[in-house]
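Values in this text are rule-based calculations from the coordinates and carry no lab data. Since this is a predicted model, take the numbers as computed values, not measurements. We place every Cβ from the backbone using ideal geometry, glycine too, and count neighbours over all the protein chains shown.
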Amino acid sequence: MLHQTSMFFPKKVNLMLDDIPEVEYLHKGNTACAGCGAMLALRYILKASGPNTIIVNPACCSTVCQGTYPKTAYGVPVLNIAFAAAAAAADGMASARRNKGKNIIVFAGDGGTVDIGIQALSGAIERNANILYVCYDNEAYANTGMQKSGSTPYGAITTTTPTGRKDSKKDIDLIIMAHRPAYMASASAGYPKDLYDKVKKALSIEGTKFIHVLCPCPPGWRYSTEKTVELGKLAVKCGMWFLYEYENGRLTLNAPTKAALKRPAPLEDYVKPQGRFKGVDVERLRQEVNRSVERVKDLAMMDMVEKVKEAS
C-alpha cells in the first residue's frame, strides 16, 4: 500500500548542528523500540533526501515502525512491498514518468537485502536503476524475533543460534562491489553526519546507489537502550565495521576507519555490553575481525596503487 501523511514544510529551512536541516520527516510517537538504531538512521536519511522522496519498504522492522494509515510516522509516501521485491518495485517506480526527479529510496533490513532480496537487488544494479538502496543492518531478522540472517556475526546469539553463530557472516559489501554500482558506501547510525553526507552525495548521482548502515538493536543485541550511538561508534573503532565509499571502481576509507586501522579500540569494549555475545570465543571473533581488516586494507591499497599509476 502506498500512503502519504500530510505535514507542514517550512519555506525557510532551519539548520541543526553541522548544517543538517531541523525539519523532521520521521515523526514522534512511532512504534520503534527505545534506542532503535534503524529509526535514528532513517531520520537522517530523510533529512538528506527531503520531502520529494518515496520510501520502498519490504517486510522489516520499518514496516511496523511507520504505524497505520492515516496517522503514519513518516512524512513522505511509503510503498510497502513483498520481502523479495523491493529493488524491482523501486526500479519500476523510478522508471515511471510521473516520478522523474523524485528520490526513490529502498529502506530494507539485512534479511531483506543479504538473503531474501539479493536477487532483485542484483538485477536492479545490473539495469543501473536510478534508485538509492539502503540496507539498515541490525544483523538479524529483528522484526520476527531475532533469527539469524546472513549478516549475523560469528558468535552472536539469536533465536536460531542459541549457542552463538559458528560460522562467518556473508560479506554483502564485496558482493555488491562486484556489481560495480554507480556509488556505494558504508555507514553507521553512530555517525549520523557521515550518513547524512553520503545520502546527499548518493542522491546527486545517476544510477544505482547502495549504502550499508550498521544499526544497533537494543532488544536483539541485548544492551541498554542509551548505548546505541556508543556501540555504533565502537563497532567502527574496534574494526567490527568499516566506513568507506566505493565509486568508479575505487575504495576510499573514511577518517574514523583510518584512525581505527592505526589504533583500534579493544574488541572487548564492543562485545562486553552486548548480551548476544555472552560466552563468545573472543579470540576466534578477533580472527574474524583481523581477516576483514586485511581485506579492507588490500582493497584500499589497490586504490592507492591505481592512483600512483595515474599520477605517473
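With Asn130, Asn103, Asn143 as the choices, which residue is closer than 27 Å to Lys272 by Cβ, among the polar types (S, T, N, Q) and touching a helix residue (DSSP H, G or I) at 6+ places or on another chain (Cβ under 6 Å)?
Within the list Asn130, Asn103, Asn143, the selection yields Asn143.
Does Asn143 count as part of a helix (DSSP H, G or I), within 19 Å of Val78 (Cα to Cα) and in contact (Cβ under 8 Å) with a residue 24 or more places away in the chain?
Yes, satisfied.
Could you tell me which residue of segment 31-58 is surrounded by the most Cβ atoms within 10 Å (Cβ to Cβ), considering only residues that are closer than 13 Å to Ala73 by Cβ and in contact with a strand residue (DSSP E or B) (Cβ under 8 Å, 6 or more places away or on another chain)?
Step by step, filter segment 31-58, then rank; the result is Leu42.
What residue, among those in segment 93-118 that are basic (Lys, Arg) and assigned to a loop (DSSP other than H, G, I, E, B), is surrounded by the most Cβ atoms within 10 Å (Cβ to Cβ)?
Here the residue is Lys102.
Take Thr72 and decide whether it is assigned to a loop (DSSP other than H, G, I, E, B), among the polar types (S, T, N, Q) and over 23 Å from Asp197 (Cβ atoms).
yes
Which ones in segment 149-168 are surrounded by fewer than 20 Cβ atoms within 10 Å (Cβ to Cβ) and either touching a strand residue (DSSP E or B) at 6+ places or on another chain (Cβ under 9 Å) or without any contact (Cβ under 8 Å) to a residue 40 or more places away in the chain (or both)?
Listed by number, the residues that qualify are Thr159, Thr160, Thr161, Pro162, Lys166, Asp167.
Residue by residue through segment 257-306, note down the ones that are among the small types (Gly, Ala, Ser) and part of a loop (DSSP other than H, G, I, E, B).
Residues satisfying the conditions are Ala265, Gly279.
Could you give me the residue pairs with C-beta distances under 9 Å whose first residue belongs to segment 196-207 and is among the hydroxyl-bearing types (Ser, Thr, Tyr), whose second residue is part of a loop (DSSP other than H, G, I, E, B) wherever it lies, and which are 6+ apart or on separate chains?
Tyr196/Ile20
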